[in-house]
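> Below: one structure in structure tokens.
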Amino acid sequence: MQAKQNLDKAYHPHPEEVTNHYNEHAARILMELNSTRRDLRGQKKHGPCEATNPIDQCWRCDPNWEKNRKRLADCVLGFALGTTGGKDGEFYVVTDESDDVLDPKPGTLRHAVIQIRPLWITFSHSMVVKLKEELIMTNNKTIDGRGANVHIAFGAGLTIQYVRNIIVHNIHIHDIVSTHGGMIKDSENHLGLRTESDGDGISIFGATTFGSTSFHVQL
């Protein structure tokens, strides 16, 4: 029932308006970028910061962006407009690329996403996370890979199911495989039985306000 209510709230009766709004932002960015490149023609490197899409332009050229990571939540456009992810929560730093589906270890990505409170999830260093089974998350999460080279690869993918308010940014998701399923910890106090996963990088079902901003998915 709650999932249906969330879907009803997220419904936009005029989707073309959302598309046009995003396209206007994108066109303006491209025009500004082309103008800057013309001005720099013949000059040496190390010119002004360039951002090639509206979301990146919103934060990338701020030299102190790392001190204000949550500004990213104000940059969301398109059908994800209004998504705030874990903006209202504390930071959670992933330090360990290992994965335990039954008893996730603190410091791992799976442990972060099953917490019931809002969280802004970052990474202490570059890593490759090989998920043993699909990564199931709870509401109000941001997975922010900026500042590190983070790959989710060679294992299961992400499942965004019956949750709301999720942002995934600057994460490389590739070489995802189907996994057998079984019992998986899907919240702080619940284990659920899952069937075989389909091998998609990101599976979305019954979810609302999902902002996939500038991530890289290679299948």
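The values are calculated or read from the model by the stated rules, or taken from the named source; none is laboratory data. Please read all numbers here as calculations on a predicted model, not as lab measurements. Glycine also receives a Cβ, built like all others from the backbone with ideal geometry; neighbour counts cover every protein chain displayed.
> Being surrounded by fewer than 17 Cβ atoms within 10 Å (Cβ to Cβ), modelled with pLDDT under 95 and part of a strand (DSSP E or B) is true for just one of 166, 204. Which residue is that?
204
> Then there is this: Given the conditions (1) farther than 21 Å from residue 82 by Cβ; (2) assigned to a loop (DSSP other than H, G, I, E, B); (3) β-branched (Val, Ile, Thr), and given that residue 138 satisfies all but one, which numbered condition is not satisfied?
It is condition (1) that residue 138 fails.
This table checks each residue for (1) assigned to a loop (DSSP other than H, G, I, E, B); (2) at pLDDT below 75.
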position: 45; (1), (2): yes, yes
position: 48; (1), (2): yes, yes
position: 51; (1), (2): yes, yes
position: 56; (1), (2): no, no
position: 63; (1), (2): yes, no
position: 73; (1), (2): no, no
position: 82; (1), (2): yes, no
position: 85; (1), (2): yes, no
position: 88; (1), (2): yes, no
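> Here's a follow-up. Take the stretch 124-162 and flag every residue that is buried (at least 16 other Cβ atoms within 10 Å of the Cβ) and β-branched (Val, Ile, Thr).
129, 136, 138, 142, 143, 150, 152, 159, 160, listed by residue number.
> What's the number of the condition residue 103 fails, among (1) within 20 Å of residue 198 (Cβ to Cβ); (2) surrounded by fewer than 22 Cβ atoms within 10 Å (Cβ to Cβ)?
(1)
> I'd like the full set of residues that are in contact (Cβ under 8 Å) with a residue 60 or more places away in the chain and either under 20 Å from residue 130 (Cβ atoms) or in contact with a Pro (Cβ under 6 Å, 6 or more places away or on another chain) (or both), limited to the stretch 145-184.
Hits for the stretch 145-184 are 145, 182, 183, 184.
> Conditions: (1) farther than 21 Å from residue 206 by Cα; (2) touching an Asp or Glu at 6+ places or on another chain (Cβ under 8 Å). Residue 151 meets all but one. Number of the miss?
Residue 151 satisfies every listed condition except (2).
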